[in-house]
Ligand code: GLY
């Protein structure tokens, strides 16, 4: 009897200690919008863990940053759960509808029909974000999904003031949005871009989020919402069916692991190209001591590593559920050594020596990323997207759901460019139920002292931005620095180094030109990196939002 009594007291004390620990534990959040970060802290206060927080931030971003992500899109959630040291990635990437086929964006003569994979109903693939949120909440969270979606529902129902960034994205897509009656009603004022700080209310989206909160997956992929999605899409020339929505499944994938100068790297496996290209570039660079080389050589080597890794992206990567990808070979030290041996210190290698044409490209700043970590090291790196700003610009009537245009991330025709100027081949060809190749690169870094979580939007430039972030982490710099450093990018084709104004000084430009690099300054800055860090010994947390964006990074009090 006395023993039973003692066990009971011990259990009560343990429960109380666990509760006290959970309440005292601090969390860092960095996201692309202040209201999304606030939604995360609200859910933490309600007793949520970092995974509930990730559901809240994802859903809030779907409402307050519709240019970047949404219920009509998809994404990748890289998770680490400390209690069992689990690393896993939820692949919530969109899938091609079952009626999709390889030539669906070609005309009768076999040429790509401009914009067909970018604007309107046919450009939209089957969304993954709602299924991923339900899965994340049910499998990893502590709270009911209705709690985690509450802030997003409130933002949608009662509205929020639009920002200058939101207006800029609207301006870039207003002509597409103007073609869809629901998009006009939701996003425009008298058919034009609303004034700064206008209040954006999305009552239909609030209803759809409520259906998800009440019925889980069936609230979106079944019932009235599904009916409206399909009716809307089909009446505008799209090919979705209920079978597509029933068949959509997220996939839990094992993240890719690598090591660069003692930094353990965990990143996104295919269906994103992010982890492969990032790790391949780092493997190529691993035998150089970039801390001691002069700046021009350092930048030359990084550009050459980018060129080779992006070249392999175009050749080998696609949906691993449809094609065999030689990942072990691509990420092996021997393979990296072979690629490294073709780098000359005194000369850039023209991309057409690797193969292919050299066309122009077009880039945006769409997609979104957030990073979360708590003092126990539980963490989430999530990069979410609807592809181009405001996706396809198409909202099926009565749903409030702005659909993606991720079909453009497939290769419509071998050698033809997509919206990011990326090329590819059969590995990323369209097929029914297939996921299109992504560049999203949610990433964790770990050393004996520190754990970092980082990622960014930015189309094909995502991977090169994360690469530069990792190399800055390797210099012992902190999140404030990773989100600030001037950026440069090479993606194999076009054979051009794109760079932000401050990435190279005049002397570096002249020397890089002499090495044979063609340089092109970007019209604007790009990217919106969100990063958090835990110092393991002191348990100090830091968080930083890109200086180029309007995000909010904070640590809970
Ligand atoms: N839609 C952008 C990407 O996934 O890379």
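The values are calculated or read from the model by the stated rules, or taken from the named source; none is laboratory data. Not measured: the values here are computed from a predicted model. So basically every Cβ, Gly included, is an ideal-geometry build from the backbone, and we count neighbours across all protein chains shown.
Look at residue 183 and say whether it is in contact (Cβ under 8 Å) with a residue 60 or more places away in the chain and more than 22 Å from the chain's Cα centre (by Cα). Let's see the steps before the verdict.
Details: in contact (Cβ under 8 Å) with a residue 60 or more places away in the chain: yes; more than 22 Å from the chain's Cα centre (by Cα): yes.
Here the answer is yes, as residue 183 does meet what is asked.
Just a yes or no: is a residue in region 509-531 part of a strand (DSSP E or B) and within 17 Å of the chain's Cα centre (by Cα)? Outline the logic, then answer.
Narrowing region 509-531 to residues part of a strand (DSSP E or B): 519-521, 530-531.
Okay, now just the ones that are also within 17 Å of the chain's Cα centre (by Cα), so 530-531.
Yes.
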Cβ-Cβ below 6 Å, separation at least six or inter-chain, first residue in region 223-235 and farther than 14 Å from residue 211 by Cα, second crowded, with 18+ Cβ neighbours inside 10 Å: which pairs?
230/240; 232/396; 233/121; 233/240; 233/396
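Evaluate the following for residue 264: is it surrounded by fewer than 20 Cβ atoms within 10 Å (Cβ to Cβ) and over 24 Å from residue 447 (Cα atoms)? Give the steps one after another, and end with the answer.
Working: surrounded by fewer than 20 Cβ atoms within 10 Å (Cβ to Cβ): yes; over 24 Å from residue 447 (Cα atoms): no.
So residue 264 fails the test.
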Could you please find all residues in region 352-378 being within 25 Å of residue 67 (Cα to Cα), modelled with pLDDT of 80 or more and either part of a loop (DSSP other than H, G, I, E, B) or out of contact with any helix residue (DSSP H, G or I) (no Cβ under 6 Å at 6 or more places or on another chain) (or both)?
367, 369, 371
If residue 405 satisfies every condition in (1) farther than 28 Å from residue 380 by Cα; (2) within 16 Å of the ligand (Cβ to nearest atom); (3) touching a residue at least 60 places away in the same chain (Cβ under 8 Å) but one, which is the exception?
(1)
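Name the residues in region 431-440 that are within 15 Å of the ligand (Cβ to nearest atom) and part of a loop (DSSP other than H, G, I, E, B), would you? Working first, answer last.
To start, the set of residues in region 431-440 that are within 15 Å of the ligand (Cβ to nearest atom) comprises 434-440.
If the condition is that a residue be within 15 Å of the ligand (Cβ to nearest atom) and part of a loop (DSSP other than H, G, I, E, B), then 434, 436, 437, 439, 440 are the ones that fit.
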Please go through (1) crowded, with 24+ Cβ neighbours inside 10 Å; (2) under 23 Å from residue 64 (Cα atoms); (3) out of contact with any strand residue (DSSP E or B) (no Cβ under 6 Å at 6 or more places or on another chain) for residue 442 and return the number of the only condition it doesn't satisfy.
(3)
Residue check: is residue 419 within 9 Å of the ligand (Cβ to nearest atom), part of a loop (DSSP other than H, G, I, E, B) and under 18 Å from residue 269 (Cα atoms)?
no
Top-ranked residue of region 87-116 - restricted to ones that are under 30 Å from residue 368 (Cβ atoms), part of a strand (DSSP E or B) and away from the ligand (no atom under 16 Å from the Cβ), ranked as modelled with the lowest pLDDT
112
Residue 457 vs (1) crowded, with 18+ Cβ neighbours inside 10 Å; (2) in contact with a strand residue (DSSP E or B) (Cβ under 9 Å, 6 or more places away or on another chain); (3) more than 26 Å from residue 391 (Cα to Cα): all pass except (3)
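Does residue 52 satisfy the condition of being closer than 20 Å to residue 252 by Cα and either under 19 Å from the mean Cα position of the chain (by Cα) or not in a loop (DSSP other than H, G, I, E, B) (or both)?
On the way: closer than 20 Å to residue 252 by Cα: yes; either under 19 Å from the mean Cα position of the chain (by Cα) or not in a loop (DSSP other than H, G, I, E, B) (or both): yes.
Yes, satisfied.
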In region 339-350, the residues that are surrounded by 12 or more Cβ atoms within 10 Å (Cβ to Cβ) and over 9 Å from residue 300 (Cα atoms):
339, 340, 342, 343, 344, 349, 350
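Residues checked against (1) surrounded by fewer than 20 Cβ atoms within 10 Å (Cβ to Cβ); (2) in contact with a strand residue (DSSP E or B) (Cβ under 7 Å, 6 or more places away or on another chain); (3) closer than 30 Å to residue 24 by Cβ; (4) modelled with pLDDT of 95 or more:
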site: 464; (1), (2), (3), (4): no, yes, no, yes
site: 507; (1), (2), (3), (4): yes, no, no, yes
site: 514; (1), (2), (3), (4): yes, no, no, yes
site: 521; (1), (2), (3), (4): yes, yes, no, yes
site: 537; (1), (2), (3), (4): yes, no, yes, yes
site: 543; (1), (2), (3), (4): no, yes, yes, yes
Here are 380, 411: which of them is free of Cβ contacts under 8 Å to residues at least 40 places away in the same chain, touching a strand residue (DSSP E or B) at 6+ places or on another chain (Cβ under 6 Å) and away from the ligand (no atom under 11 Å from the Cβ)?
411
Go through 449, 472 for me and flag whichever is away from the ligand (no atom under 14 Å from the Cβ), without any contact (Cβ under 8 Å) to a residue 40 or more places away in the chain and under 30 Å from residue 82 (Cα atoms).
472
If residue 424 meets every condition in (1) within 16 Å of the ligand (Cβ to nearest atom); (2) out of contact with any strand residue (DSSP E or B) (no Cβ under 8 Å at 6 or more places or on another chain) apart from one, which number is that one?
(2)
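When you scan region 132-203 for helices (runs of 4 or more DSSP H) that lie fully inside it, which ones turn up with 3 or more residues that are touching a helix residue (DSSP H, G or I) at 6+ places or on another chain (Cβ under 8 Å), at pLDDT below 95 and more than 29 Å from residue 214 (Cβ to Cβ)? Working first, answer last.
Working: elements: 145-158, 164-177, 181-187.
Of the helices (runs of 4 or more DSSP H) lying wholly inside region 132-203, none has at least 3 residues that are touching a helix residue (DSSP H, G or I) at 6+ places or on another chain (Cβ under 8 Å), at pLDDT below 95 and more than 29 Å from residue 214 (Cβ to Cβ).
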